[in-house]
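The values are calculated or read from the model by the stated rules, or taken from the named source; none is laboratory data. Everything numeric in this text was worked out from a predicted model, so none of it was measured. A quick note on method: Cβ atoms are made from the backbone with ideal geometry, for glycine too, and the neighbour counts reach across all protein chains shown.
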Amino acid sequence: NAGVTQTPKFQVLKTGQSMTLQCAQDMNHNSMYWYRQDPGMGLRLIYYSASEGTTDKGEVPNGYNVSRLNKREFSLRLESAAPSQTSVYFCASRLQGLLTFGAGSRLTVL
Amino acid sequence: GENVEQHPSTLSVQEGDSAVIKCTYSDSASNYFPWYKQELGKGPQLIIDIRSNVGEKKDQRIAVTLNKTAKHFSLHITETQPEDSAVYFCAAPPARGLTGGGNKLTFGTGTQLKVEL
């Protein structure tokens with residue numbers, strides 16, 4: 001089993017460019033999440049999806065949009081990237097209390 | 001919302017010694033406390049968790065203790081080995097009153113553990 005797969009692993013953008021981070025899970029989990037990780041700040045929730053067809057804001061949603069394409073896939077979009085969005089992004093899915101994370105996507109915005 | 005504080009931010013121990021990481025939480029209704037380990041270049045992985053109906057849980061060299069009265073919980077690693085070197089995160093579920101589905105865990109800021117030979 002692949003678990004949670006994120007693409008791309010690395011990306012460099014210029015300010016104002018847009019991009020989409022892709023996430024897919026093969027564990028048939030209902031809930032999926034996007035977190036960002038910054039030094040000294042732990043993991044902060046951007047958006048989550050409790051089930052297919054629903055999405056909701058987390059702690060730091062500004063500047064991001066999400067799409068729960070189907071039960072497997074949950075994408076995160078940056079419409080106009082800003083240097084403050086330079087971070088490592090993690091997708092996760094959940095079964096009961098257990099969060100399973102992807103390997104992360106490192107995004108740099110110049 | 002839930003507030004989780006984690007200490008220390010860095011911890012260096014000699015191989016074979018014990019390591020202790022502490023977290024406090026703000027909402028007395030919280031009932032689930034997981035610990036995640038993040039190795040370099042990887043996503044966090046659950047290593048142990050505890051529910052509020054028990055005070056301690058062990059799994060080989062790792063253990064978690066919970067003090068509900070004081071609202072803190074700790075990760076204990078005994079006989080540390082080089083492969084224990086990683087960043088460790090504690091987490092707690094959201095405070096009462098938040099709506100929406102899913103388990104919106106609030107994470108601590110992480111502890112960088114270094115086990116020296």
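Here are the numbers for this structure:
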{"read-out": "Strands (runs of 3 or more DSSP E) enclosed by the stretch B:1-104 - at least 2 residues per element that are within 14 Å of chain A (Cβ to nearest Cβ)", "value": "B:4-7, B:19-25, B:32-38, B:45-51, B:86-92"}
{"read-out": "Residue satisfying all of: in the stretch A:55-87; hydrophobic (A, V, I, L, M, F, W, C) and not in a strand (DSSP E or B); nearest to B:Pro93 (Cα to Cα) among these", "value": "A:Val60"}
{"read-out": "Residue in the stretch A:64-83 that is of a type in the set (Ser, Thr, Tyr) and within 14 Å of another protein chain (Cβ to nearest Cβ) present", "value": "no"}
{"read-out": "Unique match (being at pLDDT 95 or above and assigned to a strand (DSSP E or B)) among A:Tyr48, A:Tyr35", "value": "A:Tyr35"}
{"read-out": "Within the stretch A:1-34, considering residues that are in contact with a Pro (Cβ under 9 Å, 6 or more places away or on another chain) and not hydrophobic (A, V, I, L, M, F, W, C), the one surrounded by the fewest Cβ atoms within 10 Å (Cβ to Cβ)", "value": "A:Thr15"}
{"read-out": "Scan of the stretch A:35-57 for residues that are crowded, with 21+ Cβ neighbours inside 10 Å and in contact (Cβ under 8 Å) with a residue 24 or more places away in the chain, ordered by number", "value": "A:Tyr35, A:Arg36, A:Gln37, A:Leu43, A:Ile46, A:Tyr47, A:Ser49"}
{"read-out": "Odd one out for B:Gly41, checked against (1) loosely packed, with under 13 Cβ neighbours inside 10 Å; (2) out of contact with any strand residue (DSSP E or B) (no Cβ under 6 Å at 6 or more places or on another chain); (3) at pLDDT 95 or above", "value": "(3)"}
{"read-out": "Residues of the stretch A:88-98 satisfying the condition of being assigned to a strand (DSSP E or B), at the interface with chain B (Cβ under 7 Å from one of its Cβ atoms) and farther than 16 Å from B:Glu39 by Cα", "value": "A:Arg94, A:Leu98"}
